[in-house]
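Working notes, beginning with the structure itself.
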Amino acid sequence: MSHLTCRICGSPLALSLVDLGTSPLANGYLRPEDLERPEVHYPLHPRVCESCWLVQLPAFETPEALFGHYLYFSSFSDAWLAHGRALATEAIRDFGLGSRSHVVEVASNDGYLLQYFKEAGVPVLGIEPAANVAQAATDKGIPTLTRFFGADLGEELAQSGRQADLLLGLNVLAHVPDLHDFTEGLRRALAPRGTLVLEFPHLLELIQGLQFDTIYHEHFSYLSLLVVERLFAEHGLTVFDVQRLPTHGGSLRIHGCGSADPRAALPSERLCLLRRLEREAGLDRKEGYARFQAQVWDLKNDLLAFLLDQKRAGRVVAAYGAPAKGNTFLNFAGIGPDLIPFTVDRSPHKQGRFLPGSRIPILAPEAVAARRPDFLLILPWNLREEIREQMDHLRGWGGRFVTAVPRLEVLA
Ligand SMILES: [Zn+2]
């Protein structure tokens, strides 16, 4: 029995989802001079609240330490840019946005999404706590507040007449340590007939797709529709529609509004369907979480066996990407440079550094052509088609792509 309590409802947390041992912060990329220094490891052990069913990790570090300086720039992923463009086009059409509307995005990163609203003549405001990333947005002409979002900032926006007709938050809810403060901020920042659009990785996909590597310390919460609807209800917000998206291995895009908005009384058909799916999968019962640990151990053993076989046969397995999820997998499995001598990443902010914990060097993508590995393990498996296209020259020397989630697969 742990002493931990639930972030939403305060109940004691006794049920384990999966124990991934200990690992350093997944975004703690090391510089060469850091290699002679120790790294702090934290337990990586999400628990399930048996009262409100939030799956969660305790916050070991302050948001300032985790997100104050961030190395993830959304604009470095072509697929993610295309996702942003499609969302903006759809939202402008469906919600009739124009030059008199106001679009606010929480955790707006480098402005990759808001730039498409701006291009269409819709006024925008970004909110991004990582100063280096916010600066990149400002350089593009996207007005951006370098702040953490919560009830206080929501109130400030309301008081200064900057409530949002469209309030966006993509992949931020899982990173929020205080869900009540954040949700209250959303309610205050939303115009009376405004629409709230949030996207977050879906817990159902995590469990059914064995996506245990999406568990890392920056992700405090692993969300289902069931939990978000409950949280919203406590703050006068209502989900009226939901879409399932393929992004990040399977995400939800929820459409929400104030509980007094007429749309709140008209839940869409697909919303009702998803509520039922989650119940059928057991997300509101202990049984829904019972097999995950054993399945994750099997995945780890499969990847280790593959790497050891290749090593003994004298073949080289390199990796592609330096995403946080790769760090979870590599550190859980105890894999280091002896089994994967290097990884490559397109982001110049990561090149020349080392993965936390595993200390595998991160090189530029050109290193693959220069060193001709026999296999390329794609760590960001959610981008595998994009990466296969980018690195197609691997096949020129008989190299093959490998993914390890949801099962070990050598791709044809
Ligand atoms: Zn709870």
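The values are calculated or read from the model by the stated rules, or taken from the named source; none is laboratory data. Owing to the predicted nature of the structure, the values given are computational and were not obtained by experimental measurement. Positions of Cβ are generated from backbone atoms using ideal geometry, with glycine treated the same way; all protein chains shown enter the neighbour counts.
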### Query
Quick one: how many residues across segment 213-267 are among the aromatic types (Phe, Trp, Tyr) and either more than 20 Å from the chain's Cα centre (by Cα) or not in a loop (DSSP other than H, G, I, E, B) (or both)?
3
#### Entry: Selection count, segment 373-389, where residues are surrounded by 15 or more Cβ atoms within 10 Å (Cβ to Cβ) and assigned to a helix (DSSP H, G or I)
7
### Message
I want to confirm something. Restricting to segment 176-211 and keeping residues that are assigned to a helix (DSSP H, G or I) and of a type in the set (Val, Ile, Thr), which single residue is nearest to GLY256 (Cα to Cα)?
### Response
THR183
### Query
On the given criteria, is GLY357 crowded, with 23+ Cβ neighbours inside 10 Å, in contact with a Pro (Cβ under 6 Å, 6 or more places away or on another chain) and modelled with pLDDT of 95 or more?
yes
### Message
Tell me yes or no: at least one residue of segment 164-179 is of a type in the set (A, V, I, L, M) and either touching a Pro at 6+ places or on another chain (Cβ under 9 Å) or not assigned by TED's automatic domain parsing to the domain that holds ALA91 (or both).
### Response
yes
### Query
Which of the residues that make up segment 121-143 are under 19 Å from VAL197 (Cα atoms) and either among the hydroxyl-bearing types (Ser, Thr, Tyr) or out of contact with any Pro (no Cβ under 6 Å at 6 or more places or on another chain) (or both)?
VAL122, PRO123, VAL124, GLY126, ILE127, GLU128
### Query
Given the residues ARG371, ARG384, which is the only one that is charged (D, E, K, R) and under 20 Å from PHE329 (Cβ atoms)?
ARG384
### Task
Hey, could you check segment 1-56 for residues that are closer than 18 Å to ALA174 by Cβ and among the aromatic types (Phe, Trp, Tyr) and say which is nearest to the ligand (Cβ to nearest atom)?
TRP53
### Task
Only residues that are surrounded by fewer than 17 Cβ atoms within 10 Å (Cβ to Cβ) and within 19 Å of HIS45 (Cβ to Cβ): list them for segment 249-303, please.
LYS286, ALA290, ARG291, GLN293, ALA294, GLN295, TRP297, ASP298
### Query
Which of the residues that make up segment 21-49 are surrounded by 17 or more Cβ atoms within 10 Å (Cβ to Cβ) and under 30 Å from ARG279 (Cα atoms)?
LEU44, HIS45, PRO46, ARG47, VAL48, CYS49
### Residues (hydrophobic (A, V, I, L, M, F, W, C) and either farther than 22 Å from PHE212 by Cα or touching a strand residue (DSSP E or B) at 6+ places or on another chain (Cβ under 7 Å) (or both)) located in segment 9-24
CYS9, LEU13, LEU15, LEU17
### Complete set of residues in segment 323-372 that are outside any loop (DSSP other than H, G, I, E, B) and charged (D, E, K, R)
LYS325, GLU366, ARG371
### Message
Being more than 21 Å from HIS255 (Cβ to Cβ) and either out of contact with any Asp or Glu (no Cβ under 7 Å at 6 or more places or on another chain) or at pLDDT below 95 (or both): is that true of GLN163 here?
### Response
no
### Message
I need a count of the residues in segment 357-377 that are in contact with a Leu (Cβ under 7 Å, 6 or more places away or on another chain) and over 29 Å from ARG37 (Cβ atoms).
### Response
2
#### Entry: Residue satisfying condition, being closer than 28 Å to ASP298 by Cα and basic (Lys, Arg), within set ARG346, ARG384, ARG371
ARG384
### Task
Would you check if there is a residue in segment 227-247 being acidic (Asp, Glu) and within 19 Å of TRP53 (Cα to Cα)?
yes
### Message
Criterion first (in a loop (DSSP other than H, G, I, E, B), of a type outside the set (D, E, K, R) and either under 17 Å from the mean Cα position of the chain (by Cα) or not assigned by TED's automatic domain parsing to the domain that holds PHE200 (or both)) does SER101 satisfy it?
### Response
no
